[in-house]
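In what follows, a structure is listed as C-alpha cells, so that the remarks can point back to it.
What follows is calculated from the coordinates using simple rules that are stated; it is not laboratory data. Since this is a predicted model, take the numbers as computed values, not measurements. For neighbour counting, all protein chains shown are included, and Cβ atoms are generated from backbone atoms with ideal geometry for every residue, glycine included.
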Amino acid sequence: MFKNLIRPFTKQTRTSKIVFQNTGDSMPGIPVGMLIVNPDGTELVRIRSGGSEPAWSLDAKWIAFSGLVEGYEPYAFNLHLMRPDGTGVRQVTHHTTGGAYTPAWSSDARTIAYHVFEDGVQDQIWSVDLLSGRQRQLARDGVSPVWTPTNQIIFEKNDGAHPLLIMEANGQKLRECGLFDDGDWSIRWSPEGNKVAFLRNREIYVMDSDGNNLKKIRAGQVATGLSWSPDGHQLVYYGSREDQSGRCGKELYVIDSDGANETKIVANPWPKDRVAELINVSWSPWLG
C-alpha cells in the first residue's frame, strides 16, 4: 500500500536540517506550526501550520508527525508522513478517537512505533507497517516508544515509577530494560548506534550503547527533549532557560556530545506569561 514510501538509505551531501514545533502564541519571526532550521539557527522556514511531534526518517525523505489533517478521515489525531518541505502529506494510521502520538522510526524506515491514547485503548504501544498499512497493538500501559539499533522497542510504562521496558519488534519477550533508571526519558541512539543520549531529571547524559562510560554532559534541570546530529558529534535539545531574567519558555540549543560548545540556535523572546514553546525536536540525517 505504501511501497512507494520506502527508499534505501544513501549518503548524500553533508548538510542537515533540524525540524521542531512551535506551540502557543506566534512569536516574532517564529510562526506557530512545524518549522525547519539550519543547525546554526539560520534559514528558519515553516513547513506546516499544524501538527506535532515531527520525526525524520533515516533516509531523510520523510517526516512523520501526529495531527489532524483536513481531508483525511477519521477526523482524529493520526500519524502522517510529509516531505521535508511540508508537501506530499499521507495518512498512515487510522484511529477513530483520541489518536496516535510520538512516532519512532525503525532502523530500516519500514515501520513506525507509536503511542495510542483513545477510548478503550489508553496508553498502548502500536506499530504501523508502511508497506502494507497494517496496524498492530504491541503492548499495554506504555508511552514514548524508542526503536533501538538492534530492532527492539523501548518504552516507558505509564505508572508512578515510570520504569523502562524493552521488547522485540513484534511485541514478544517483554521485560525490564536494565540500561536505564526508572524515569529516564527522551532516549536517543547515535546514528552509528554506539552511543545513547537520554534525560535524567532534565539533565543530559551520554553513554556507550552497552551502558559503560556514563557521563553527564549538561548539568542543570533544563532539557526536555533531544536528538543527535547525523555525524554523531552533537545533540540538539529543547528546554527552558535557567536564568530568572523575566523571559522564559523552551528554546533550542546545540551542544557537543562531550558537553562542550553549547550554543542557542533559536530563542524564545516571550516573557514568562506567554505560552509559546519550542518543542519536539528532530535532527535530520544527511540531506542531498
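Some values worked out for this structure:
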item: Out-of-range pairs (alpha-carbon distance over 28 Å; input K61/K157; K17/K195; K61/K216; K61/K173; K215/K250; K173/K215); result: K61/K157; K61/K216; K61/K173; K173/K215
item: Taking T15, T102 and counting other C-beta atoms within 10 Å, the order from fewest to most; result: T15, T102
item: Formal net charge of residues neighbouring A260 (Cβ-Cβ distance under 13 Å; K, R +1; D, E -1); result: -1
item: FRET efficiency, H94 to Q122 (Cβ-Cβ, R0 25 Å, nearest 0.05); result: 0.90
item: Gain on full stretching of the segment that runs from D258 to K173 - 0.36 nm per residue minus C-alpha separation; result: 27.2 nm
item: Rounded to the nearest 20 debye, dipole of the chain from Cβ charges on Lys, Arg, Asp, Glu; result: 620 debye
item: Rounded FRET efficiency, nearest 0.05, which uses the C-beta distance separating E203 from S240 and R0 of 22 Å; result: 0.95
item: Residue-span extension gain [V45 to K216] - 0.36 nm each, minus C-alpha spacing; result: 58.3 nm
item: Tensor-based shape of the stretch 97-158 (alpha-carbon gyration tensor, a/c under 1.5 rounded, otherwise prolate or oblate); result: oblate
